[in-house]
Each structure stands twice: as structure tokens, then as C-alpha cells.
Amino acid sequence: MAQSIAIASGKGGVGKTSVAVNLALVLHQLGSRVTLLDADFGTANAHILMGENLRPTAEKSILANEPVKNALTKTIHGVALLSGGSTALNLLDLKNQERLQLIRKIEALDQETDYLIVDTPAGASDATLAFVAASDRILLIVVGEPTSFMDAYTLLKAAHLEHGIRSVSVMINMVRDAAEARRHFDQFQAIALRFLDVELTLAGHLPMSLPLRRSVVARRPLMSNPGTAQSIEGQAFMTIAQKLLKAPKNAPNGIRFFFDNEKNEV
Ligand SMILES: Nc1ncnc2c1ncn2[C@@H]1O[C@H](COP(=O)(O)OP(=O)(O)OP(=O)(O)O)[C@@H](O)[C@H]1O
Ligand SMILES: [Mg+2]
């Protein structure tokens, strides 16, 4: 049974794509079959971070009435990538119905993938909410700024009130250490729990990382370098992967990537 994980944030530019790509690689390195869906349609860039050229027909195949397999790009990193590319203007204005059809179509990957990682667009648009609500687990990325907190809260509130999402893992990006991450998490949690009946888990943090930034410029994911596993970033991604997979699953009603009869299994 495949499991889906949405990587989300309220504010843009806080590290969703960097985390989605490296988390996908870590899960693959742990022995899982992983598919990465770049759901940031119109400004998709996961393939750029991965140094991959997409199939020329990827954009058309994602939307067309053809098997989802036709739109998959097998990357050199061992992760399958489902993306329409950065010029996919047709995907930018996806209607709600088309989006839901795409989500349903991905269910066909159930037998050949263990984890579907979904890189969602920033904000709390219908698109973001549809992908978040369709996922078993959600990793919300926050940085230690009031704007990031407020935008993340807006997304959390909409996901909770409109789709019944209760369980969300939170990752604090670009912090000095675990203590600073914990402080930010506690602040964010205090705001959220005052108004929403949600359950937040701190999944970990990433430091401000020059190697991570360089890896984006070099179009080679940090976790693709042998030896990175022992680095601060490598250990951070491993912690995030492990904690995230232990978090309870959401199972709201509505269209989902994969349907699971055994709710809340670990
Ligand atoms: N921990 C970190 N240390 C240093 N730089 C980082 C870190 N996390 C992300 N970045 C940098 O921040 C920039 C934005 O990251 P990324 O593209 O992953 O964010 P995003 O949330 O996907 O953005 P968007 O909302 O535009 O999709 C990139 O240049 C990336 O290298
Ligand atoms: Mg992004």
C-alpha cells in the first residue's frame, strides 16, 4: 500500500522543493520505491534541482486521458519524477475537476511505489489544499519569521476546517540548532492550538546550509553525494524521514491519492 506525503508551507521560498527532493532521495536510499510529484504546476522546478530533463511529452501526458506511467521520468537518483515541467502553462490553470482526476489517476502507482512525495505550491490555494487533503501525511515547513508563522497558520486552518486535517508534522528550516527549532515550534504550536483542534509533531529541523544552497546551484541534490549521510544535513534529513513516517496518518473523506482501509497504521 503506497503512502503519500505532502510537503507544504504557507510562505514561498522556505525550502519545500529542496526538502521534497532530498527526502525522496533519503527514502529511496533506505530501500523504498519513491515517486516525487511536482504539484507546483506552472513553476515546477524539482527536475531542475535534480538535474533532470523531463520526457518531452510529460506535460501532455499528465493531463491527457492516458496512464500516469507515460508521464513518469525515471531519474538517475532512483526516484521516479512526475512533473509537467516549468513551462507547463496548461497545468497552471488546472480546474478543480482536472486536478481531482489527476489525483485519482495517481492511484495506479499503488503497486509500484512505496512513497509518493508531493511538492505543493506555496499558500493556501485550492490547488495546495486539494493535494494536502489527498495525502496521508503532511510536512509543514516553517522558518522563524512572523510571516512564515502566519501563512503556515492560514494553510493549517484551511486544511483543518475545510478538509478535516488533524495531524501535521512540522519542520523548522534554517535555524541554528535543535533548541532554536523547538522554540519556534512551541510558539507556532501555541498559536495553532489556541484556535484549532489539531495535533502537531516536530519532525526536525535543518540548519542554514551552504552545501544545500550550493547543491541547488549545481543541480545535484545534496543527498545524492556519497558521504553526505554522515553530515549535519544528512542526519537531519534522516531524522525528518523517520519522525515523519511515525506520525499518525490523516484520513479525511474526499478524493485521496491512495485509499487505506487500515486507518492510522504506522
Ligand atoms: N536549510 C537551508 N539552508 C540554506 N538554504 C536553503 C535551505 N533551505 C532552502 N534553502 C534555499 O532557499 C531557496 C528556496 O528553496 P526552495 O526552492 O526549496 O523553496 P520552496 O519553498 O520550494 O520555494 P517556492 O515556494 O518558490 O516553491 C533555495 O535557493 C534553497 O537553496
Ligand atoms: Mg518549490
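The values are calculated or read from the model by the stated rules, or taken from the named source; none is laboratory data. Note that the structure is predicted; figures quoted are calculated from it, not measured. Glycine gets a Cβ as well: all are built from the backbone with ideal geometry, and neighbour counts include every protein chain shown. SASA here: full protein model, heavy atoms, side chains in, ligands and nucleic acids out. Shrake-Rupley method; radii C 1.70, N 1.55, O 1.52, S 1.80 Å.
Taking the conditions exactly as written (closer than 29 Å to residue 154 by Cα and within 16 Å of ligand 1 (Cβ to nearest atom)), does residue 45 satisfy them or not?
When the stated conditions are applied, residue 45 passes them.
Restricting to segment 40-51, count the residues that are open to solvent by 10 Å² or more (accessible area, probe 1.4 Å) and at negative phi.
Here the count works out to 7.
Across segment 57-67, what is the number of residues that are open to solvent by 10 Å² or more (accessible area, probe 1.4 Å) and assigned to a helix (DSSP H, G or I)? Before you say what the answer is, go through the steps one by one.
In the first step, residues of segment 57-67 are kept if they are open to solvent by 10 Å² or more (accessible area, probe 1.4 Å); the result is 57, 59-60, 63-67.
So of that shortlist, the ones also assigned to a helix (DSSP H, G or I) come out as 59-60, 63.
Matching residues across segment 57-67 total 3.
If residue 7 meets every condition in (1) at pLDDT 95 or above; (2) more than 10 Å from ligand 2 (Cβ to nearest atom); (3) under 21 Å from residue 107 (Cα atoms); (4) not small (Gly, Ala, Ser) apart from one, which number is that one?
Every listed condition holds for residue 7 apart from (2).
Would you mind stating whether residue 71 is within 14 Å of ligand 1 (Cβ to nearest atom), within 20 Å of residue 17 (Cβ to Cβ), in contact with a Ser or Thr (Cβ under 6 Å, 6 or more places away or on another chain) and open to solvent by less than 10 Å² (accessible area, probe 1.4 Å)?
no
If only one of 37, 54 is open to solvent by less than 20 Å² (accessible area, probe 1.4 Å) and outside any helix (DSSP H, G or I), which one is it?
Details: 54 fails: open to solvent by less than 20 Å² (accessible area, probe 1.4 Å).
Exactly one of 37, 54 is open to solvent by less than 20 Å² (accessible area, probe 1.4 Å) and outside any helix (DSSP H, G or I), namely 37.
Go over the candidates 145, 180 one by one and state the one that is modelled with pLDDT under 95 and either more than 29 Å from residue 255 (Cβ to Cβ) or within 16 Å of ligand 2 (Cβ to nearest atom) (or both). Full working, then the answer.
On the way: 180 fails: modelled with pLDDT under 95.
Of the residues listed, the single one that is modelled with pLDDT under 95 and either more than 29 Å from residue 255 (Cβ to Cβ) or within 16 Å of ligand 2 (Cβ to nearest atom) (or both) is 145.
Mind listing whichever residues of segment 10-34 are within 11 Å of ligand 2 (Cβ to nearest atom) and assigned to a loop (DSSP other than H, G, I, E, B)? Before you say what the answer is, go through the steps one by one.
Our first condition is that a residue be within 11 Å of ligand 2 (Cβ to nearest atom); within segment 10-34, this holds for 12-21.
Correct list: 12, 13, 14, 15.
Can you tell me which residues in segment 112-165 are hydroxyl-bearing (Ser, Thr, Tyr) and within 19 Å of residue 38 (Cα to Cα)? Walk me through it before giving the result.
Our first condition is that a residue be hydroxyl-bearing (Ser, Thr, Tyr); within segment 112-165, this holds for 113, 115, 120, 125, 128, 135, 147-148, 153-154.
Hits for segment 112-165 are 113, 115, 120, 125, 128, 135.
Does segment 215-241 hold any residues that are assigned to a helix (DSSP H, G or I) and either open to solvent by 50 Å² or more (accessible area, probe 1.4 Å) or among the hydroxyl-bearing types (Ser, Thr, Tyr) (or both), and which are they? Walk me through it before giving the result.
Filtering segment 215-241 for residues assigned to a helix (DSSP H, G or I) gives 215-217, 222-224, 228-230, 232-241.
Of everything in segment 215-241, those that are assigned to a helix (DSSP H, G or I) and either open to solvent by 50 Å² or more (accessible area, probe 1.4 Å) or among the hydroxyl-bearing types (Ser, Thr, Tyr) (or both) turn out to be 215, 216, 217, 224, 228, 229, 230, 232, 235, 238, 239.
From 36, 30, 54, grab the single residue that is under 20 Å from residue 106 (Cα atoms), hydrophobic (A, V, I, L, M, F, W, C) and more than 13 Å from ligand 1 (Cβ to nearest atom). Please lay out each step first, then the result.
Working: 36 fails: more than 13 Å from ligand 1 (Cβ to nearest atom); 30 fails: under 20 Å from residue 106 (Cα atoms).
Of the residues listed, the single one that is under 20 Å from residue 106 (Cα atoms), hydrophobic (A, V, I, L, M, F, W, C) and more than 13 Å from ligand 1 (Cβ to nearest atom) is 54.
For a quick check of your reading: which helices (runs of 4 or more DSSP H) sit entirely within segment 89-198 and have at least 1 residues that are closer than 24 Å to residue 26 by Cβ and either open to solvent by less than 50 Å² (accessible area, probe 1.4 Å) or within 16 Å of ligand 1 (Cβ to nearest atom) (or both)? Break it down into steps so the answer makes sense when it comes.
Values: elements: 89-92, 96-106, 126-133, 146-163, 178-195.
Here the list reads 96-106, 126-133, 146-163, 178-195.
Please count how many residues of segment 13-29 are more than 13 Å from the chain's Cα centre (by Cα) and open to solvent by 10 Å² or more (accessible area, probe 1.4 Å).
Result for segment 13-29: 3.
Condition test on residue 5, is it in a strand (DSSP E or B), in contact with a Ser or Thr (Cβ under 8 Å, 6 or more places away or on another chain) and within 16 Å of ligand 1 (Cβ to nearest atom)? Full working, then the answer.
Details: in a strand (DSSP E or B): yes; in contact with a Ser or Thr (Cβ under 8 Å, 6 or more places away or on another chain): yes; within 16 Å of ligand 1 (Cβ to nearest atom): yes.
In short, yes.
Can residue 83 be described as small (Gly, Ala, Ser), under 23 Å from residue 137 (Cα atoms) and either buried (at least 24 other Cβ atoms within 10 Å of the Cβ) or away from ligand 2 (no atom under 16 Å from the Cβ) (or both)? Steps first, answer last, please.
Working: small (Gly, Ala, Ser): yes; under 23 Å from residue 137 (Cα atoms): yes; either buried (at least 24 other Cβ atoms within 10 Å of the Cβ) or away from ligand 2 (no atom under 16 Å from the Cβ) (or both): yes.
Judged against the criteria, residue 83 is a match.
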